[in-house]
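*Asks:* First the structure, which I've put down as structure tokens, then a few questions once you've had a look.
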Amino acid sequence: MSELPLLSDDDVRQWIETHLPIEDFRGKKLLLIVPDQTRTAPLALLFDAVYKRLRPVVESLDVIFALGTHPPLSEQHMCKLLGIDDEERQRLFFQTQLLNHAWDDPDELTTIGTLSIEETERVSEGRLSLEVPVEINKCILDYDTLLVVGPVFPHEVVGFSGGNKYFFPGISGPRLLNFFHWLGALITNVDIIGVKQTPVREVVDMAARLIPKERRALTFVVGSDGTTRLHGLFYGTPEQAWSDASDLSGQVHIKRMAKPFHTVLSCAPPMYDELWTAGKCMYKLEPVVADGGELIIYAPHMKDISVTHGKTIEQIGYHCRDYFVKQWEKFKDYPWGVVAHSTHVRGGGTFENGIENCRVQVTLASQVPREECERINLGYRDPESINIEEYANREDEGILLVRKAGEQLYRLE
């Protein structure tokens, strides 16, 4: 929102110098947990400021990228995100380990506890009842303190992202991830996104309390202007820093609209290079699409549905929640996190007497060919047939253009 000031780079550096207490880290082995390229963040600026503040007082400082199930990054890509050039890598950062998270490699995980049947029944409000092992990247055992450095946005699964979500699913194993993503899908995107206290957030915080290391977080809120400039930073426990940042995100990242739109052109930025992440262009706008309306995910740069999960998505397609719930025996053995992604992209709908009726038509305008879109139950448009400017400034006609979709949540007043 325009009335909230944006911080300069110097402001950010000064804030970290003033608010990041050295005594919390002195003599510690420190692991930074940071986002990959799918989140808007001034990561190079923040890493440089944090490194200069803390490296002189810690025993070691390494970095792991909270990939969740995203593909691994090359070291060159990690360095680029952190603002480290080749010469600096050799001269200044040669002792700093840069780590990928491997969610699907059991040898890289450790089990730190279990959510009991009673706990999952309670936290899910009776929706689910099962025992869930809590797995996390075993590298955390090599450190004294874990410092999350990440943004907070409205989020389709957990309500608001950030905080302990950088542990789960950021550096977690698949079983907890699948459990709470499906829980979020059962609640539905529209009912959970932009809501601060949710059952899924409670799951994430419960799991984080099992981590046998000290946890801290530096959270922040980027502007609604699509840049990496910040409105604010917060430091403390992951719970408190997240809470403060989510309050601010609720002011910055939620846009209220007077009426729904029959057509929405939702433009995916280049950082969403597969539908696994570009689905956010639907999640953030589903609440303002009229019944029977169309949302077009415009992503001419995008070639893949999902590098990691594409084969599963080919098998199950994109469907509303009730399509899966009412045929659960058929789908219960697929990864629940992928099933949840399917429902979030497809949005609300019903499944009665073998007929699915989705509330919104979701159309993909990308390099994914027509036949593949049709196989997975999405509409297709040739991106070259779309002139973005023809959708601009037509809100009064029921047409909405969002030039950088995926982080700003749209809701009806």
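*Asks:* Where does the chain land at 222 nm, in deg cm²/dmol rounded to the nearest 500, when only DSSP H runs of n ≥ 4 count, each adding -39500 (n - 2.57), divided by all residues? Mind showing how you got there, number by number?
*Replies:* Values: 16 runs with 128 residues, N = 413.
So the helix-based figure for the chain works out to -8500 deg cm²/dmol.
*Asks:* Give the calculated FRET efficiency between N393 and T227 to the nearest 0.05, with a Förster radius of 22 Å applied to their Cβ-Cβ distance.
*Replies:* Values: r = 22 Å, r/R0 = 1.00.
It comes out at approximately 0.50.
*Asks:* A further question follows. By how many nm would the segment from M271 to E125 lengthen if fully extended, with 0.36 nm per residue of separation less the alpha-carbon distance? It would help to have the intermediate numbers written out before the result.
*Replies:* Details: separation 146, 0.36 × 146 = 52.56 nm, distance 3.55 nm.
Computed gain between M271 and E125 is 49.0 nm.
*Asks:* Moving on. I want to check the label-to-label distance for Q97 and T237. Put each point 7 Å from Cα in the C-beta direction and report it in nm to one decimal.
*Replies:* 2.8
*Asks:* Using the eigenvalues of the Cα gyration tensor, what equivalent ellipsoid semi-axes result for segment 256-412 when each is taken as the square root of five times the eigenvalue, whole Å, largest first? Intermediate values should be presented prior to the final figure.
*Replies:* On the way: eigenvalues 125, 68, 34 Å².
Equivalent-ellipsoid dimensions as semi-axes: 25, 18, 13 Å.
*Asks:* Moving to a separate point now. Which angle from 0 to 90°, rounded to the nearest 10, does the C-alpha axis of helix 43-54 make with the longest principal axis of the chain?
*Replies:* So the inclination is approximately 20 degrees.
*Asks:* Let me ask something else. Arrange M206, M302 by Cβ neighbour counts within 10 Å, fewest through most, would you?
*Replies:* Numbers: M206 19, M302 22.
Arranged by neighbour count, lowest to highest, M206, M302 become M206, M302.
*Asks:* Continuing with this model, one more query. Using 1/(1 + (r/R0)^6) with R0 = 30 angstrom and r between the beta carbons of H262 and Q76, what's the FRET efficiency to the nearest 0.05?
*Replies:* Numbers: r = 45 Å, r/R0 = 1.49.
FRET efficiency, H262 to Q76: 0.10.
*Asks:* If the chain between K213 and I355 were fully stretched, how many nm would it gain, using 0.36 nm times the residue separation less the Cα-Cα distance?
*Replies:* On the way: separation 142, 0.36 × 142 = 51.12 nm, distance 4.98 nm.
Roughly 46.1 nm would be gained on extension.
*Asks:* Kindly provide the GluC sites (Glu not before Pro) of segment 1-90 that DSSP labels as loop, not H, G, I, E or B, and whose Cβ sees at most 12 other Cβ atoms within 10 Å. Don't skip to the answer; put the middle values down first.
*Replies:* Values: sites: E3, E17, E23, E59, E75, E87, E88; in loops: E3, E59.
Here the GluC sites (Glu not before Pro) that fit, given the DSSP loop and packing criteria, are E3, E59.
*Asks:* When the Debye formula is applied to the Cα atoms of segment 9-252, each taken as the same point scatterer, what base-10 log of I(q)/I(0) results at q = 0.08, 0.16, 0.17 Å⁻¹?
*Replies:* Here log10 of I(q) over I(0) equals -0.29, -1.18, -1.33.
*Asks:* Considering the Cα trace of segment 1-122, what is its radius of gyration and what is Dmax, both in angstroms?
*Replies:* Looking at segment 1-122, its Cα Rg and Dmax stand at 17.5, 54 Å.
*Asks:* Rg to Rh for the chain: what is it, with Cα atoms only and Rh by Kirkwood? Could the numbers behind the result be given before it?
*Replies:* On the way: Rg = 21.0 Å, Rh = 21.9 Å.
When Rh is taken as the Kirkwood radius, the ratio is 0.96.
*Asks:* Okay, moving on. On full extension of the chain, what length is gained from D86 through D9, given 0.36 nm per residue of separation minus the C-alpha to C-alpha distance?
*Replies:* Details: separation 77, 0.36 × 77 = 27.72 nm, distance 2.32 nm.
Length gained, D86 through D9: 25.4 nm.
*Asks:* Still on this structure, I have one more. Give the angle, between 0 and 90 degrees and rounded to the nearest 10, that separates the Cα long axis of helix 238-252 from the longest principal axis of the Cα atoms of the chain.
*Replies:* Compared with the principal axis, the helix lies near 50 degrees.
No lab work stands behind these numbers, since they all come straight from the coordinates. As the structure is a computational prediction, the values presented were derived from the model and not from experiment. Quick reminder, even Gly has a Cβ in these numbers, built from the backbone with ideal geometry, and neighbours come from all protein chains shown.
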